[in-house]
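Input: a single structure, listed below in structure tokens.
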Amino acid sequence: MLRYITKIREISERLLKEGKVDMVIGFRKGTMPMMNEPCFINKPEGVDSLVWDSNCGINLANYLTDRKEKIAVIAKGCDSRNIVTHIIENKVKRDQLFIVGVPCKGMIDRHKIASMFEEEIIEVAEEGNIVIVKSAAFEKRLEKSEVLQENCAVCIHRNPVIYDELVAEPVKEQTETDRYKDVRRIEEMQVEEKNNFFDNLLSPCIRCYACRNACPLCYCPTCFVDESRPQWLGKSIDPIDIKTFHLLRAFHCAGRCTDCGACQRACPMGINVRIFTKKLEKDCFELYGWESGLSLEERPPLDTYKPDDPDLGI
Amino acid sequence: MPDWEPKIVAFLCNWCSYGAADLAGINRLQYPTNIKVIRIPCTGRMSPKFILAAFGKGADGVWVSGCHPGDCHYMEGNYYARRKFTLFKNLIEHLGIEPGRLHFSWISSAEGTRFAEIANEVTKTVKDLGPSRHLIKKINAKVA
Amino acid sequence: MFVRVRLGLKINNDLKNMKISKDKKIGSVMVIGGGVAGMQASLDLADSGYFVYLVERSSSIGGMMSQLDKTFPTNDCAMCIISPKLVEVGRHINIELLTLSEVNEISGNEGNFEVSVTQHPRYVDTDKCIACGLCAEKCPKKVFNEYDGGLSKRKAIYVKYPQAVPLKYTIDPKNCIYFKKGKCRICEKFCPNGAINFDDQKKELTLKVGAVILALGSKVFDPSVHDTYGYKKSPNIVTSLEFERILSASGPYGGHLVRPSDKKEPEKIAWLQCIGSRDEHIGAKGYCSAVCCTYAIKEAMLAKEHSKGELDTAIFYIDIRTHGKDFERYLNRAKDESGIRFIKSKVTGLPPVNGTGRHLIRYVDEAGKRVEEEFDMVVLSVGLGITRECADLAQKLGIELDRYNFAATSSFEPVRSSRPGIYVCGAFQAPKDIPSSVIDASAAAGVVGSKLAESRWTLTSTKHIPEEIDIRGEPPRIGVFVCRCGTNIAGTVDVPSLVESAQNLPCVVYAEENMFSCSQDTQDKITRVIKEQRLNRVVVAACTPKTHEPLFQETLINAGINKYLFEMANIRNLCSWVHKDNPEQATEKAKDLIRMAVAKVALFEPLTEPVMQIDQKALVIGGGVAGMVTAMNLTEQNYITYLLEKTDTLGGQARHLHETWQGEDIQQYLSGLIKAVQSNKNIEIFLNSEIEQVNGFVGNFKTTIQHNGESKVLEHGVTIIASGASALKPNHYLYGEDPRVVTSLEFQQRLIDNDPSLGELNTAVFVQCVGSRIPERPYCSKVCCTQSIKSALKLKEIKPKMNVFVLYRDMRSYGLREDLYRKARSSGINFIRYDFGKEFTVAAKQGNLQVAFNDCVLRRQMEIRPDLLILASAIVPEKKNPLAQFYKVPQNDDGFFVEAHVKLRPVDFATDGVFVCGLAHAPKTIDESITQAQAAAARAVTLLSAISISVSGTVAYVNPNFCSSCGVCVSVCPYSAPNFNDKSGKAEIQPTLCKGCGLCVASCRSGAIHLKGFDNDQIFAQIFAMNEAVF
């Protein structure tokens, strides 16, 4: 980790000094454990606050939207894929960016760790593949692989797909992962089971839109939930309105979502909202051979077609 | 509920499937009255919002029909629509809408018979499923 | 609703009746023949300022295309693509449709003809007939339906097909019981509108026109005349046109593929090619009909799709001639994906297999084995020919015909007949497919336009539009008019209760019922009610908007209301007609449909139709024959034209061509054309020029060119791409290594130069398909077969004793070129089919050139030692042509430009204001390039002549505050209507390019795009209103 941090600081300092960029977007230590925060550094002397560890799950592409200055951005695999999508969708220009690629070894799931302990966690540290969780009373050592974010556990694009400089040699990509196990589990359910599953899943939702706000894809000036001509979708926490919201939000991410996990990470109620986008990700892959954010040449699958696409029509 | 009749809303593209519906009429082909048609210029116009709103407001079935792939009056609209439909249908069925509530078909303006056949088929399928229970706002759910 | 309307110069209607001065040319044109070619010619002329009389012998237009199920090579539904065109012709203010009419005589000269026309009685008053069909339902007389190839029955009072234009019934007096026996008149009794008129008389008309276009079309060969196959004896032997009807969903068997004898599904079907074509026997025709190979492939493909089981299809052919654009790919698909069997064998008889309805086919297979196979059905791929009636008419009009009765034309003036002022197009000129006919038709319109330009807009009329009342800001006051349609609606649905329920709907201030909403008196009444009740929205609950919306919209216009404040509830086709047995529920459904229409119309706002000025200049890119012909035609039509050429010379590929297949001297023609272009003051030529940048769109392009080291901006309203293609330089067969190996073009150059060394040759070999029809280039280069035949004949002429070989895969001397092929064979030229799948080598050994190949007939390796080897090399376009980016037009995988629609818009691009012609579009011969060039000019003139164009008001627009600039709209729009604003970076939609499909609207995640007339709130309102239904 230390090597990563040194390199990130070194590159950032150089870029700022040489005036190549106006700003570096990276992570700094958060005030709460396991909650690193995005930070915006615009002076060479500020680079010392930049950090890197397994708590950098926030997708920094989200902070590039509609920016006009020259920016260096620290990007792990999923961030880089969202940057690609951002470039395709005119949210930022390639030549504005200096992408500092970080080969990623996965982020840890703060909800999961928090739920493992009754007491308040005051510090979380890392030693190689071991995560050390400390409270006032105890210190516990966990295997990182046991506490990875679910999306990181099945990630097959840990290395940035687009970058100007890498902070380290690429890591080995995971090849043995079963990416769609959870989707298949639902697909195999009967209709009633599916309904119960999703009703239960969404019952804690308070419709705070944290998932939407954390998502780099949700950059519309006005979200469909706020459409007023007519207001076809209720704004209440009626379960159907909530389900409709999640359904359509996911649909808007179809073929664009990189499974970065930002939505799930952001949810204060710990809802696995990825389960919606995951289904679409699976379908886009299986039906159209598409994985989002890998190519600057192609637009997402709903912006294009092939004459011999699979057909559900009668 | 022996007297129950499903409500089905059909979105038909102006150029092909609406023409087929017209032709079914010209040929006096009979099908049930459950289907109410909304004419749209092209299936490419079809937004998933309309499907969600139709279900939300109490439709028991939704049927979208356009020109055969390759026949679109606007050249490509139905190709794009096909991708949207496919992903959307898979998604809402993943969430527990019964397969058989949402239908897509391709019917050319010369296929009046096919239109009537599919109208019958869609109505029967939806009727067999019974009243819609999911994605429907509560007020209606109680009625059903 | 989505039809583009063009505004002409405002011309006083009285002009039409004005006495026309002697020397002034007459600004009207007669088009004879209402098939697809006649329709296209009429539309192009009417859109570019001429009044058109479209004369059609039968009761409605549409011709043979309307009978087809699907069209090759896209398998598009024929009816779907032709019916908008039918409607456009039927409704065009400057086209007068004369159905059931025949031309007797034409007197006068070009610019000033007098045509005498006989219009036969229809016995149905077209003003009164509402096509409800009751007459036909009640008519007791059934007759064979010629539209279905006699496979079904129709009545003595009938319409040809449900989408017919005009959609008016006709009594067929030959079969009507009243006309034959003096009694019956049942139709008259049942007609709810008193439209039947047994006293109708034929009318003799004399019409003055400046030019005449003959689009007489062709008829399929009748195999029963010399019935060698037993077509008449067996119901399971059908012609290809009958098979089209069998496949058609609206055909005799409702689209179920069954054989006529027992209505059982066939398991094996055979197609026999060249029935009545490529056959010198009595009754048949010597030429190739050019369309049958590809339509047989189509029919076989569709038959397989229709069939529930594993249908076995076999096509028996002489040569497979898939020479058109993308046809070769179609053939490959048929072989590789559909599994259609292709058997090269001429079948001589179809003996019936006793009692089974099947027929036996004996043939020799590829391996030389004799095979016998039984088929459940046999389709005779019948060719096209000119009917006696058409030939007689042509002769009466003084038009020269060729030996097959096709109109005789020269390669350099392909649509000009032998009589000045009379032009020809479509299958009357030669057997041809739909796109070629459409191109011909536009070309004929273009040439007519160049002759009558001075009289443009003199006889056309423009609609008088009363001033519109501004209703913006007023609360909706909706009127609902419910049509009884005689008993068509009222017989099933309780109309008074609909009126009552409508009266209670929000914003409805008036509701009434009408016997026939579409009748003239009701129209007048609706106009009056709108004014009296101050209605500002109108719903008509009647039949289908597809046929009747424009009519009611006109009623609104007449009442001073914006025509977009209108919605129809289709309670006939979608309700009363389809729920006859369920009147109560049908009534409830009709109420729902009206409620939905009212909910929608309440949200309508008046729409304006965007108008755009058209810069009156054209840019033609490419100085080859196609580009020069386009430029010439445009200037003859009085439009200034810029002609851009990349190289330092005009002439393009034609500079290397010797003679046309008809033997005309190309170099002589070309030098004349170049001189004409160079001396034309209205053509500004830019040689050595390339395009740097293009801004703007239809009407106002700004093209920056690099010319002689300087940048220059050209402003123009339309763009024609004629950028051509080149000949492949092969990299094998010792080409470039041995001087005895040349390409066809190089050989042509020797002919042009009268190279004396040609007379010293002893053996010459032509190799076909060098670089064409291969996986890398899966298209046919179309011109090479005929060119090689022609060259081979030339060699034989130079030295009759010379051994000349043509090594080929399929000889594609399509159409009338077949005569040349026959001549070549009889003059001793050896045509050898080589096996493409086996080795083909060219080597130089001991100073000898050795060509080694596998002969398909002898099935063994052969070798020839020629003194000259001529490679018929492929036509290759420029892949990734920058013009594609500049003008936002697509190229296909081969690099040819992709037209807006393969069948009906073969010279247009989907992007408005840009047109294509010549080799840039596809491989083609010089006459075809000239035709397409003239067609491109005609299509361009439909815009230029309009001066300004207005388009439908139902277009999309962007609310920039909601736009996220994601670019999905720009990416998906097939018409390049959305673009990013340079300053704001937000998307905006050019309304004149938008076709109103709504694809961008549905694709826009941020809800920034709205579609006028089909906006979200309006569709939601319909959805919500439906839900209020009581079940």
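Here are a few things to note about the model shown:
- Listed by first and then second residue, the pairs with beta-carbon distance under 8 Å, at least 6 apart or on different chains, first residue in the range C:258-271 and on the phi < 0 side of the Ramachandran plot and hydroxyl-bearing (Ser, Thr, Tyr), second assigned to a loop (DSSP other than H, G, I, E, B) and open to solvent by 20 Å² or more (accessible area, probe 1.4 Å), are C:SER261/C:PRO235; C:SER261/C:GLY357.
- Summed over the range C:694-735, the residues that are at pLDDT below 95, surrounded by 16 or more Cβ atoms within 10 Å (Cβ to Cβ) and part of a loop (DSSP other than H, G, I, E, B) give a count of 2.
- Top-ranked residue of the range C:260-294 - restricted to ones that are of a type in the set (Asp, Glu) and touching a Leu at 6+ places or on another chain (Cβ under 8 Å), ranked as farthest from C:LEU816 (Cα to Cα): C:GLU265
- Subset of the range B:84-115 that is among the charged types (D, E, K, R) and under 16 Å from the mean Cα position of the chain (by Cα) - its residue that is most open to solvent (accessible area, probe 1.4 Å): B:ARG114
- Condition met for C:SER83 (among the hydroxyl-bearing types (Ser, Thr, Tyr), away from chain B (no Cβ under 12 Å) and touching a residue at least 24 places away in the same chain (Cβ under 8 Å)): no
- Residue within the range C:195-214 that is part of a loop (DSSP other than H, G, I, E, B), open to solvent by less than 20 Å² (accessible area, probe 1.4 Å) and aromatic (Phe, Trp, Tyr) present: yes
- The strands (runs of 3 or more DSSP E) located wholly in the range C:457-557 that include 2 or more residues which are among the hydrophobic types (A, V, I, L, M, F, W, C), over 21 Å from C:GLY953 (Cα atoms) and open to solvent by less than 10 Å² (accessible area, probe 1.4 Å) occupy C:478-483, C:537-542.
- Residues in the range C:27-60 that are over 24 Å from C:LYS203 (Cα atoms), within 15 Å of the chain's Cα centre (by Cα) and surrounded by 24 or more Cβ atoms within 10 Å (Cβ to Cβ): C:VAL36, C:ALA37, C:GLN40, C:ALA41, C:ASP44.
- Residues that are of a type in the set (Asp, Glu) and closer than 21 Å to A:VAL167 by Cβ were ranked within the range A:77-135; the one that is most open to solvent (accessible area, probe 1.4 Å) is A:GLU127.
- Annotation: B:ARG28 fulfils all but one of (1) part of a strand (DSSP E or B); (2) within 23 Å of C:SER83 (Cα to Cα); (3) basic (Lys, Arg); the unmet one is (1).
- Residue-level check: of (1) surrounded by 16 or more Cβ atoms within 10 Å (Cβ to Cβ); (2) within 14 Å of chain C (Cβ to nearest Cβ); (3) under 20 Å from B:LEU135 (Cβ atoms), A:CYS220 misses just (3).
- In the range B:31-42, the residues that are within 27 Å of C:PRO84 (Cβ to Cβ) and either more than 7 Å from chain C (Cβ to nearest Cβ) or open to solvent by 10 Å² or more (accessible area, probe 1.4 Å) (or both): B:TYR31, B:ILE35, B:VAL37, B:ARG39
- Strands (runs of 3 or more DSSP E) fully within the range C:909-1020 counting 3 or more residues that are touching a Phe, Trp or Tyr at 6+ places or on another chain (Cβ under 8 Å) and more than 14 Å from chain B (Cβ to nearest Cβ): C:914-916, C:987-989
- Tally of residues being of a type in the set (Gly, Ala, Ser) and either touching a His at 6+ places or on another chain (Cβ under 7 Å) or part of a helix (DSSP H, G or I) (or both) across the range C:51-92: 4
- With a requirement of 1 or more residues that are open to solvent by 40 Å² or more (accessible area, probe 1.4 Å) and on the phi < 0 side of the Ramachandran plot, the strands (runs of 3 or more DSSP E) lying completely within the range C:332-434 that satisfy it span C:341-344, C:358-364, C:370-375.
- Single match in C:LYS801, C:LYS823, C:LYS845, C:LYS790 (criterion: buried (at least 17 other Cβ atoms within 10 Å of the Cβ) and charged (D, E, K, R)): C:LYS790
- Subset of the range C:884-893 (residues that are surrounded by fewer than 21 Cβ atoms within 10 Å (Cβ to Cβ) and touching a residue at least 60 places away in the same chain (Cβ under 8 Å)): C:PHE886, C:LYS888, C:ASN892
Each row is one residue, and each column tells you yes or no for (1) within 24 Å of A:LYS134 (Cβ to Cβ); (2) surrounded by fewer than 21 Cβ atoms within 10 Å (Cβ to Cβ).
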residue: A:MET1; (1), (2): yes, yes
residue: A:GLU10; (1), (2): no, yes
residue: A:GLY30; (1), (2): yes, yes
residue: A:ASN55; (1), (2): yes, no
residue: A:ASN59; (1), (2): no, no
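- Here A:ASP66 qualifies as among the acidic types (Asp, Glu), in a loop (DSSP other than H, G, I, E, B) and in contact (Cβ under 8 Å) with a residue 60 or more places away in the chain.
Residue-wise test of (1) more than 20 Å from B:LYS49 (Cβ to Cβ); (2) buried (at least 19 other Cβ atoms within 10 Å of the Cβ); (3) within 14 Å of chain C (Cβ to nearest Cβ); (4) free of Cβ contacts under 8 Å to residues at least 60 places away in the same chain.
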position: A:PRO230; (1), (2), (3), (4): no, no, yes, yes
position: A:ASP238; (1), (2), (3), (4): no, no, no, yes
position: A:LYS243; (1), (2), (3), (4): no, yes, no, yes
position: A:CYS260; (1), (2), (3), (4): yes, yes, no, no
position: A:CYS263; (1), (2), (3), (4): yes, yes, no, yes
position: A:LYS279; (1), (2), (3), (4): no, yes, no, no
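- Just one of (1) open to solvent by 10 Å² or more (accessible area, probe 1.4 Å); (2) out of contact with any helix residue (DSSP H, G or I) (no Cβ under 6 Å at 6 or more places or on another chain); (3) within 21 Å of C:GLU96 (Cα to Cα) fails for C:LEU452. It is (1).
- In the range C:601-617, the qualifying residues are those that are part of a loop (DSSP other than H, G, I, E, B), aliphatic (A, V, I, L, M) and open to solvent by less than 60 Å² (accessible area, probe 1.4 Å), and the one that is farthest from C:ASP912 (Cα to Cα) is C:ALA602.
- Any hit, the range A:287-307, residues being within 14 Å of chain C (Cβ to nearest Cβ), acidic (Asp, Glu) and in contact with a Phe, Trp or Tyr (Cβ under 9 Å, 6 or more places away or on another chain): yes
- For C:LEU761, the requirement of being crowded, with 16+ Cβ neighbours inside 10 Å and of a type outside the set (D, E, K, R) is met.
- Residue match in the range C:589-607 (condition: in contact (Cβ under 8 Å) with a residue 24 or more places away in the chain, small (Gly, Ala, Ser) and away from chain B (no Cβ under 13 Å)): yes
- A single member of C:GLU137, C:GLU110, C:GLU105 is within 29 Å of C:TYR53 (Cβ to Cβ), out of contact with any Pro (no Cβ under 8 Å at 6 or more places or on another chain) and among the charged types (D, E, K, R), and it is C:GLU105.
- Of the residues making up the range C:173-192, those that are surrounded by 20 or more Cβ atoms within 10 Å (Cβ to Cβ) and in a loop (DSSP other than H, G, I, E, B) are C:CYS176, C:CYS191.
The values are calculated or read from the model by the stated rules, or taken from the named source; none is laboratory data. No experiment lies behind these values; they were computed from the predicted model shown. So basically every Cβ, Gly included, is an ideal-geometry build from the backbone, and we count neighbours across all protein chains shown. For accessibility, only protein heavy atoms count, side chains too; no ligands or nucleic acids. Shrake-Rupley method; radii C 1.70, N 1.55, O 1.52, S 1.80 Å.
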